[in-house]
1. Among the residues of segment 173-192, count how many are part of a helix (DSSP H, G or I) and surrounded by 16 or more Cβ atoms within 10 Å (Cβ to Cβ).
2. For segment 20-58, what are the residues that are within 27 Å of Glu112 (Cβ to Cβ) and surrounded by 17 or more Cβ atoms within 10 Å (Cβ to Cβ)?
3. Provide a single number: the residues in segment 133-158 that are surrounded by 14 or more Cβ atoms within 10 Å (Cβ to Cβ) and part of a strand (DSSP E or B).
4. Return a yes/no flag: does segment 122-131 have any residue that is in contact with a Leu (Cβ under 8 Å, 6 or more places away or on another chain), modelled with pLDDT under 95 and part of a helix (DSSP H, G or I).
5. Under 9 Å between Cβ atoms, at least 6 apart or on separate chains: pull out the pairs that start in segment 194-214 with a residue that is among the aliphatic types (A, V, I, L, M) and end on any residue that is exposed (fewer than 13 other Cβ atoms within 10 Å of the Cβ).
6. Could you please give the count of residues in segment 13-51 that are within 12 Å of the chain's Cα centre (by Cα) and under 15 Å from Phe86 (Cα atoms)?
7. Quick check on this structure: which one of Ala119, Ala125, Ala93 is touching a Pro at 6+ places or on another chain (Cβ under 7 Å) and in contact (Cβ under 8 Å) with a residue 12 or more places away in the chain?
8. Residue check, Phe100 against (1) of a type in the set (Phe, Trp, Tyr); (2) surrounded by 15 or more Cβ atoms within 10 Å (Cβ to Cβ); (3) more than 26 Å from Leu29 (Cβ to Cβ), all met but one. Which one?
Amino acid sequence: MRLILLGPPGAGKGTQAKYIVDKHAIPQLSTGDMLREAVAAKSKIGLRAKKIIDAGKLVSDDIVIGIVSERIDQEDCAKGFILDGFPRTLQQADALGDMFEEKGLELSCVVELQVNDDALVERVAGRFTCGNCGEGYHDKFKPPAKPTKCDRCGKEEFTRRADDNEETMRTRLRAYYKETAPLVGYYYAKGLLKGVDGMGSIPKIASEIDEVLNSL
């Protein structure tokens with residue numbers, strides 16, 4: 001089972017990927033993690049990437065594709081994997097398709113988490129976590145029982161990500177719709193796209209994704 005999760009930032013792709021990993025025992029592949037692993041392993045492609053990163057430049061698509069290619073050849077990907085945060089553009093999707101064809105692999109499905117932008121902004125802008133135990137909260141949807149204390153560990157160490165605010169979220173959404181949203185039509189045309197309502201509860205979304213995967 002080889003999957004791509006699509007959806008704007010804050011849609012819950014990472015959360016749902018963890019559910020899929022636990023249930024289907026396939027790895028979640030993040031381009032950031034793969035890049036760091038390749039650099040640390042000092043592989044040929046990793047050394048190329050390190051030179052570019054050290055120069056303060058962005059890693060090119062061909063290097064990213066090379067890192068993805070190298071990673072999916074590893075044993076833990078034999079039964080499949082989830083691509084998280086890749087591809088981001090039509091050019092990357094084309095390159096990924098070519099790479100799959102060369103390896104004799106097929107993409108099983110592209111799951112799109114469909115969300116309402118305004119609700120998504122509200123969801124992201126209101127979230128915060130306990131700095132001690134990592135328990136997640138939300139101003140509206142999941143406030144702690146006592147405003148200044150974590151329900152789980154009792155500490156008073158709440159933190160918010162600097163980019164979890166409305167202005168930053170709107171900017172990220174605009175970038176998503178410009179660069180990544182065209183992939184929805186791209187994969188729909190290939191008959192690979194499956195839409196899931198991303199505005200329900202986490203268990204409900206996971207259940208709908210399960211239905212999609214069980215139908216493959």
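1. Final tally of qualifying residues: 6.
2. Scanning segment 20-58 gives Ile20, Ile26, Pro27, Gln28, Leu29, Ser30, Thr31, Met34, Leu35.
3. Of the residues in segment 133-158, 4 are surrounded by 14 or more Cβ atoms within 10 Å (Cβ to Cβ) and part of a strand (DSSP E or B).
4. Within segment 122-131, none of the residues are in contact with a Leu (Cβ under 8 Å, 6 or more places away or on another chain), modelled with pLDDT under 95 and part of a helix (DSSP H, G or I).
5. Val196/Glu211; Met199/Asn116; Met199/Ala119; Ile205/Asp197; Ala206/Lys23; Leu213/Lys23
6. The qualifying residues number 9.
7. Details: Ala119 fails: touching a Pro at 6+ places or on another chain (Cβ under 7 Å); Ala125 fails: touching a Pro at 6+ places or on another chain (Cβ under 7 Å).
Being touching a Pro at 6+ places or on another chain (Cβ under 7 Å) and in contact (Cβ under 8 Å) with a residue 12 or more places away in the chain holds for just one of Ala119, Ala125, Ala93, which is Ala93.
8. (3)
The values are calculated or read from the model by the stated rules, or taken from the named source; none is laboratory data. This structure is a prediction, so every number in the text was calculated from the model and none was measured. Positions of Cβ are backbone-derived with ideal geometry, glycine not excepted, and every protein chain shown enters the neighbour counts.
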